[in-house]
C-alpha cells in the first residue's frame with residue numbers, strides 16, 4: 001500500500017506536491033500546539049488558545065482550497081500507532097519533501113519533524129523502547145529529510161525486535 005502512495009506522489013505535478021507539502025506543515029503546526037502550550041497563567045492560556053485557533057484557521061482554509069483544486073484530496077490521518085504504519089508515513093513525508101527540497105517556495109518542515117518525533121515517542125512508550133534521540137530543529141529541508149530517515153530506520157528496527 002505504501003508503494004502505491006509513493007507512486008501516486010511521483011505522478012503529481014510539482015505545484016500540487018508543493019501545495020501538499022505546505023498543507024501538511026500547517027496541519028502539523030496546528031496539531032503540535034497543544035503539546036507546546038504550558039498554561040501556567042490565564043494570559044498564557046488565552047494566547048495559547050488564540051494561537052491554536054489561528055493555526056487551525058490557516059490549516060482549514062488551505063485544506064479547503066487544496067481539496068477544491070485537486071482531485072486527489074488530502075484527508076488528515078494519524079501517522080500511525082505501530083512501527084510499520086509510522087514507517088509508511090515517514091516514507092511518504094520523506095518522499096514528499098524530497099520532491100520539493102530545492103524549490104525556494106517551500107519552507108523547512110519544522111513542525112512536521114516535531115510531529116514525527118511526537119508520534120515516534122508514543123510508539124516507543126507503548127513498546128517500552130528508548131525514544132529516538134532528538135536533534136535541534138532542522139533549518140533546511142535536507143536536514144528534515146535526514147531526520148525523517150533517522151525516524152524511519154528506528155521504526156524498521158523497532159518493527160523487527162520483540163515488543
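Label-to-label distance for residue 149 and residue 70 is 2.4 nm, based on points extended 7 Å past Cα in the beta-carbon direction.
Shape class of the range 68-112 from the Cα gyration tensor (axes a ≥ b ≥ c, square roots of the eigenvalues): oblate, since a/c reaches 1.5 or more and a/b does not exceed b/c.
Would you please state which residues of the range 80-101 a label at residue 129 would reach in this model, taking the label point 7 Å out along Cα→Cβ and a backbone N cut-off of under 15 Å? Answer for the range 80-101: 80-91. Straightening the chain between residue 142 and residue 54 buys 28.9 nm, computed as 0.36 nm per residue apart minus the Cα-Cα spacing. Taking other C-beta atoms within 10 angstrom as a stand-in for reagent exposure, 142, 68 fall in the order 68, 142, fewest first. The overall shape of the range 2-160 is oblate: from the C-alpha gyration tensor, with semi-axes ordered a ≥ b ≥ c, the ratio a/c is 1.5 or greater and a/b is no larger than b/c.
Every number in this text was worked out from the coordinates using simple rules, so none of it is lab data. The structure presented is a predicted model; accordingly, all values stated were derived computationally and were not measured. Cβ: placed from backbone, ideal geometry, glycine included. Neighbour counts: every protein chain shown.
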